[in-house]
Amino acid sequence: MPKSKTYFEQQVDKISKEVFQPKYYYIQARQSKAFMEENLSEKIELNRIAAAAFMSRFHYIRIFKQVYGVTPREYLKGLRINKAKELLKQGLSVTQVCFDVGYESLPTFSNAFKKGTGHSPSAYQELNKSNQE
C-alpha cells in the first residue's frame, strides 16, 4: 500500500507543478532560441518564432521568459547588438552592419545600439579602432 504524502511533500509537489514547466517546453524554447541565432540577419516576426517553438504567441512569450529570464524580443535584440559589435570591430560600415544584423532602418539600428551599449555605432567603432592601434 503506497505511503501517503506528508503536508510538506504535497506542498513541494504543488509548487513544482506551478513553477517548473514540462521538459518539452525547455526543448521548444531552446529550438526557438537556435532559430533566432540562425536567422539573425532576417526580419523575424514573433509569430514565426513562436511557430518554431510549436506554441501560441502569448504562451511562447511566457515560457521563454520563464526559461531565459528575458522576453524573446529582448533576447533577439541582445543577439543583434552583440553581433553588431563584432562586425563593427572588424571595420564594416555602420550601414552594412545594420542590414547584416537584421535591422531595416539605420536610425532604428543606431537607437537600439546606443541603448544597448551607451555609444552610437560609429563612436563604438572609433573607440575600438583606437584600442587596436
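Just so you know, all these numbers are worked out from the coordinates, no wet-lab data involved. Note that the coordinates shown come from a computational prediction; the quantities given were computed from them, not determined experimentally. Note that we place each Cβ from the backbone using ideal geometry, even for glycine, and neighbour counts take in every protein chain shown.
Annotations for the structure displayed:
- Debye, to nearest 20: dipole size of the range 39-117, +1 on Lys, Arg Cβ, -1 on Asp, Glu Cβ: 280 debye
- For the chain, averaging the sequence separation of C-alpha pairs within contact (under 8 Å, six or more residues apart) and dividing by the residue count gives a relative contact order of 18 percent.
- 23 Å Cα-Cα threshold exceeded, pairs from Lys3/Lys23; Lys43/Lys129; Lys85/Lys114; Lys77/Lys114; Lys33/Lys85; Lys33/Lys89: Lys3/Lys23; Lys43/Lys129; Lys33/Lys89
- With viscosity 1.002 mPa s and temperature 20 °C, the Kirkwood radius over alpha carbon pairs of the range 77-133 converts through Stokes-Einstein to a diffusion coefficient of 197 µm²/s.
- Rounded FRET efficiency, nearest 0.05, which uses the C-beta distance separating Glu86 from Phe35 and R0 of 25 Å: 0.80
- Potential lengthening between Tyr68 and Tyr26 on full extension [0.36 nm per residue; Cα-Cα distance subtracted]: 14.2 nm
- For P(r) over Cα pairs in 5 Å bins from 0, in percent, the value calculated from this model appears in (i) 2, 10, 21, 25, 23, 14, 5, 1; (ii) 2, 8, 13, 14, 11, 10, 9, 11, 9, 7, 5, 1, 0; (iii) 2, 10, 17, 15, 12, 11, 9, 7, 5, 4, 3, 2, 1, 1, 0, 0 under label (iii).
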